[in-house]
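The values are calculated or read from the model by the stated rules, or taken from the named source; none is laboratory data. Worth saying up front: this structure is predicted, and the values here are computed from it rather than measured. Neighbour counts are summed over all protein chains in view; Cβ atoms, including those assigned to glycine, are modelled from backbone coordinates with ideal geometry.
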Amino acid sequence: MRIRLLGEAHVREAVDMAGAVAAMGEAFRAISSGDAQVPLRAGLDTRHGVHLFMPAHVASTEATGVKVVSVCPGNASLGIPAIHAVVMVLEAATGRPLALMDGTYLTALRTGAASGFATGLLARESAGVVALFGAGVQARTQLEAVRCVRPVREVRVMSRRGESAERLVAELRGTGGETAVVARAVEHPREALAGADIVIAATDSATPVFPGDGVEEGAHVNGVGSYTPAMQEVDADLVARARVFVDQREAALAEAGDLIVPIRQGVVDASVIVGEVGEVALGRCPGRVSPDDVTFFKSVGNAVEDVVVAARVLAVAEERGLGTLVDL
C-alpha cells in the first residue's frame, strides 16, 4: 500500500484561501442537498483536552476521508499549538488510503474559508470594518477569508492577552500595498463593536466575549471558537436578535453552546436557526432580507468541509508531485 504524506507547506502550496472559500461552496451545497454523508463527530474527553474523530463522504465527487483533531488548551504552557490534526483521504471505490496530510493548518484554512463563504452570502456588500475577537491562528485565517469577499478597510483586534492583539495589528499594518488596512488593538468589546460591519469571534472562551446588544444593526457575525455544548462565545442576546445560520442543523443543535445554552434557558428555541448556509447558496432559504438585519453564522465545523478541501489538496499534490510517497 502506497500513501502520499503531505505537510503544512504542501497544503499551503496546493490551495490558497480564495480556493478554499470556493471549496466551501461545494461543501455547504453538498451538506444541504443531501449529497454528503457525515455522521456526528465522535468525541473522546480526557483530562488534557478533547479528541475528535470525523468521517465524511460526498457522493457526487466521491471525496471520502476522515479527520482526527485534538484540542488541548494546556499545550500553550508547553510552547506548542493547542490544536493538532491529521486528515486521511480514502479512495471511495476501494477504501484504499491515498494520502495523510497535516490537518492543523487545513482546519484553520477551511474554518476561515467557511466564514468567508458565509460572509460573502450574508454580510452587506459594503461591509468594511471588522471587530476581531481573538488573535491566534484561527483569527488570522478568519480575517484572511473575510478579506477575500469584502472590502475590509479597518480591523479592531481584541484578545485576552493584549500582546497577541498587538502582534497581529503589527502584521496587518505591515501588509502594505492596495490591501493595506487600518488596524488597532482595543481593550474593551464595545470599542471594537462600534461601527463594525463584520464581527468575528475566534477564541477558546467558554463565556461570551462581547455583549450582543453592542452589535450594531446591519452587522454580520461569525462565531467559530466554541465547539462544545458548554462553550458560549456569543451571548443569548445576540442569538435572539439575529438571523441565525449554521453549517448543519443537526450538528449545531448537538454541539454549539452558543445556541444550546440560550435554548436551554428558554430565550429561544430550535426555530431560531433560519437555515443552513448551503440552503442559502442553493436558493432554498433567504439570507439577509434587510440592510438592518443582524446575521449570525455559527459554525461547529463539519468533516465535509475538511474532506472537500483535502481532496483538492491531493489533486494538486498529485499533479505537481508534492509530498512524499511511502510504502506501508
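Here are a few things to note about the model shown:
- Leading residue by the ranking (farthest from the chain's Cα centre (by Cα)) among those in the range 239-260 that are hydrophobic (A, V, I, L, M, F, W, C) and more than 21 Å from residue 120 (Cβ to Cβ): 240
- Qualifying residue in the range 22-37 (condition: crowded, with 17+ Cβ neighbours inside 10 Å and under 23 Å from residue 321 (Cβ atoms)): yes
- Those strands (runs of 3 or more DSSP E) lying entirely in the range 18-76 with at least 1 residues touching a residue at least 24 places away in the same chain (Cβ under 8 Å) and under 19 Å from residue 281 (Cα atoms): 50-58
- Some residue of the range 62-71 being on the phi < 0 side of the Ramachandran plot, modelled with pLDDT under 95 and not aliphatic (A, V, I, L, M): yes
- Among residues that are in contact with a strand residue (DSSP E or B) (Cβ under 6 Å, 6 or more places away or on another chain) and either crowded, with 23+ Cβ neighbours inside 10 Å or basic (Lys, Arg) (or both), residue 6 is included.
- Leading residue by the ranking (modelled with the highest pLDDT) among those in the range 281-324 that are among the polar types (S, T, N, Q) and either surrounded by fewer than 23 Cβ atoms within 10 Å (Cβ to Cβ) or within 14 Å of residue 66 (Cα to Cα) (or both): 324
- Answer residue from the range 296-328, given it is in a strand (DSSP E or B) and under 16 Å from the mean Cα position of the chain (by Cα) and is nearest to residue 237 (Cα to Cα) among those: 296
- Number of positions in the range 235-270 that are within 22 Å of residue 41 (Cα to Cα), of a type in the set (A, V, I, L, M, F, W, C) and assigned to a loop (DSSP other than H, G, I, E, B): 1
- Index of the failed condition, residue 274 passing every other in (1) at pLDDT 95 or above; (2) crowded, with 20+ Cβ neighbours inside 10 Å: (2)
- Checking 99, 135, 76, 108 one by one, the residue that is modelled with pLDDT of 95 or more and either of a type outside the set (Val, Ile, Thr) or outside the structural domain of residue 35 (by TED's automatic domain parsing) (or both) is 99 and no other.
- Any hit, the range 271-281, residues being assigned to a strand (DSSP E or B), of a type in the set (D, E, K, R) and at negative phi: yes
- Residue-level analysis places residue 81 outside the set of residues that are assigned to a loop (DSSP other than H, G, I, E, B), within 20 Å of the chain's Cα centre (by Cα), without any contact (Cβ under 8 Å) to a residue 40 or more places away in the chain and surrounded by fewer than 22 Cβ atoms within 10 Å (Cβ to Cβ).
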